[in-house]
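In what follows, a single structure is set out as structure tokens and then discussed.
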Amino acid sequence: MRVLDVDYLVVGAGASGMAFTDTLVTESGANVLMVERRHRPGGHWNDGYPFVRLHQPSAYYGVNSRPLGRDSIDQLGPNSGFYERASGAEVCDYYQRVLDEDLLASSQVRFYGMHDYVGRMSAEHQVVNRLTGEVTNVRVRHKLVDATYLETSLPSTHAPSFDVESNARLVTPNELVGLTRPASGYTVIGAGKTSMDTCNWLLDNGVPPEAIRWIRPRDPWTLDRFFWQPLALLPWLMEGVSRQVEAAAEAADPADLFGRLEACGQFIRLDPEVRPATFRGAILSAVERERLGQIENVVRQGRVLRIGTDEIVLKEGSIPTDGGQVHVDCTAAGLNRAPIRPVFEPGRVTLQWLQWGVLPFSAALIGFIEATRDSDTDKNWLCPPSPPLGEAAHWVRALDVTLRSQVTWQSDPEIAGWMERSRLNVARGVSEHVDDPRMQSALGRYLANVQPALANLEQLCKQLEALATT
Ligand SMILES: Cc1cc2nc3c(=O)[nH]c(=O)nc-3n(C[C@H](O)[C@H](O)[C@H](O)COP(=O)(O)OP(=O)(O)OC[C@H]3O[C@@H](n4cnc5c(N)ncnc54)[C@H](O)[C@@H]3O)c2cc1C
């Protein structure tokens, strides 16, 4: 049996594990073993549907030490006027290059692809080669890093929670591109970003909106891509942040907060008539949202229980279907909604969100704190995890944690300096825009409202907790 001695054992080489490891080895002399069940890094991006893209700009995705893409602004298509967004294939290629040309080349990192982490046996951790069954025991001098805690579930790898009769046609978005005969219509099942991408892809490829039926048990709030732009377009982002902070400072209760966010263009409905119940951070451009609005056949009768050859049974009713109908499963949960736990514990780091919406940044900052601070108490004080998103109300706590941490980090010169250098920090480079009147206005309102917002968010969170216990 092979035995290895390492400083850190990182389990999972998705976006979280890669961003953490990249920063850790940049900031320290640590040696790291990365263990990954898949054959290469990139996590869920390896199993994504062929038309998947980042929903945020590439400019602040990936790892700190290597740019993703060219930081150019698209001139054509639904993303026109906004920073480029990598396709799934580009994201996978990027992570492979980061591994081969940066991490392995540093000699600080070893990568065990096709290996499962199976657990700890007394003082040693065990990893198993999925091809040979060979066991390697790993002695970890510093910490095990769990980069699987938020592991993503996808249509291509999950099992749907509903029954499907053998003659009914159910496909994943991955399989859509391989269809060889026309369908009598398309029924898209699910209300998350995957279903939005799938509907837009069908429309892009000539399927008329009347031929698409969208089963959306609960509508999500969506975000406007206009307000998620970095670099030269940063004043737009700061404008959005200042509007959120203003709304948070003034809201009388959680419902009022969402009303204000909607009124100032920060949160947007898919259907103006239906109040959303969920929020998972889906970002759309106005063009994409407008196109989705062309689909009028939206089914709101709860979750699907069974797909038959002539009927779909839902929790609150049933609708007809037929043998020529293609049903597209977009119901996978996406990121795991495991409960928050301390990021730093004796012998263990658990990668989680520190800022809602920006996971690679969160993982890289955890890597920086791990490399540069000593006590777990101090590290946890600097890194309170932000709760997973799901119900719309969860976002209120996530905003509270995000804003509070920003204030903490900005008051620490070492962390503030690192953030200003970090390409994963969407808000880097504010000082380059101080002469821009739009930035001056946004910053002024942010600074005037952030402390009142934090005081008010505490009250709003208490109201939500009281509601949850009644
Ligand atoms: C379609 C889609 C689009 C998205 N777009 C964006 C976006 O634009 N911006 C954004 O910030 N986020 C986006 N996300 C969220 C996205 O999930 C995160 O950005 C990120 O990729 C998640 O990375 P992760 O490393 O936490 O999880 P994963 O990608 O799931 O990686 C976890 C890894 O751990 C491995 N693993 C698990 N258990 C073991 C074990 N026991 N032993 C060994 N290995 C193990 C898995 O094989 C996997 O590779 C998107 C998500 C989806 C589904």
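Counting only Cβ charges, +1 for Lys and Arg and -1 for Asp and Glu, the dipole size of the range 123-228 around its Cα centre is about 200 debye. With the charge dipole of the chain set up from +1 on Lys and Arg Cβ and -1 on Asp and Glu Cβ about the Cα centre, the Cα lying farthest toward the positive end among the listed residues Val450, Gly323, Trp221 is that of Gly323.
Each DSSP beta bridge with both residues in the chain is either parallel or antiparallel, and the antiparallel ones are about 40%. What is the Cα centroid distance between the range 282-312 and the range 386-449, reported in whole angstrom? Using only Cα atoms to place each centre, the spacing works out to 34 Å. Longest stretch of the chain clear of exposed loop sites (GluC sites (Glu not before Pro), DSSP loop, at most 15 other Cβ atoms within 10 Å, sites excluded): 317-470. Judged by the gyration tensor of its Cα atoms, with axes a ≥ b ≥ c, the range 418-470 is oblate; a/c meets the 1.5 cut and b/c is at least as large as a/b. Here Lys143 is the anchor, and the lysines within straight C-alpha reach of less than 26 Å, apart from those fewer than 8 places off in the same chain, are Lys379. Under the criterion of Cα pairs below 8 Å and six or more residues apart, the relative contact order for the chain equals 21 percent. Inter-label distance, Glu210 to Ser441: 4.4 nm, where each label sits 7 Å from its Cα along the C-beta direction.
Using C-alpha pairs below 8 Å separated by at least 6 residues, the relative contact order for the range 381-470 is 28 percent. Taking only the C-alpha atoms of the chain, the Rg (one decimal) and the largest Cα-Cα distance, Dmax (whole number), read 22.9, 65 Å. Here the residues Thr148, Thr350, Thr470, Thr132, ranked from fewest to most Cβ neighbours within 10 Å of their Cβ, fall in the order Thr470, Thr132, Thr350, Thr148. Kindly identify the range 109-260 as rounded, prolate or oblate by the Cα gyration tensor criterion: order the square roots of the eigenvalues as a ≥ b ≥ c, call it rounded if a/c is under 1.5, otherwise compare a/b with b/c, prolate if a/b is larger, else oblate. Oblate is the answer for the range 109-260, as a/c is 1.5 or above yet b/c matches or exceeds a/b. Which FRET efficiency value, to the nearest 0.05, do you get for Glu414 and Arg97 by plugging their Cβ-Cβ distance into 1/(1 + (r/R0)^6) with R0 = 30 Å? Efficiency for this residue pair is about 0.55. Here is the tail figure for the range 367-470: Cα pairs spaced more than 18 Å apart come to 61 percent of all pairs.
Here the range 1-152 is treated with +1 on each Lys and Arg Cβ and -1 on each Asp and Glu Cβ, and its dipole about the Cα centre works out to around 280 debye.
Could you please state, rounded to a whole Å, how far the C-alpha centre of the range 79-136 is from the C-alpha centre of the range 195-253? One Cα centre to the other: 31 Å. Using a ≥ b ≥ c from the Cα gyration tensor of the range 34-167 (square roots of the eigenvalues), is it rounded, prolate or oblate, where a/c under 1.5 gives rounded and otherwise the larger of a/b and b/c decides, a/b for prolate? Oblate shape, in that a/c is at least 1.5 and b/c is the bigger or equal ratio.
No lab work stands behind these numbers, since they all come straight from the coordinates. Here the structure is a predicted model, which is why all the values come from computation and not from measurement. Ideal geometry is used to build each Cβ from the backbone, glycine not excepted, and the neighbour counts take in all protein chains shown.
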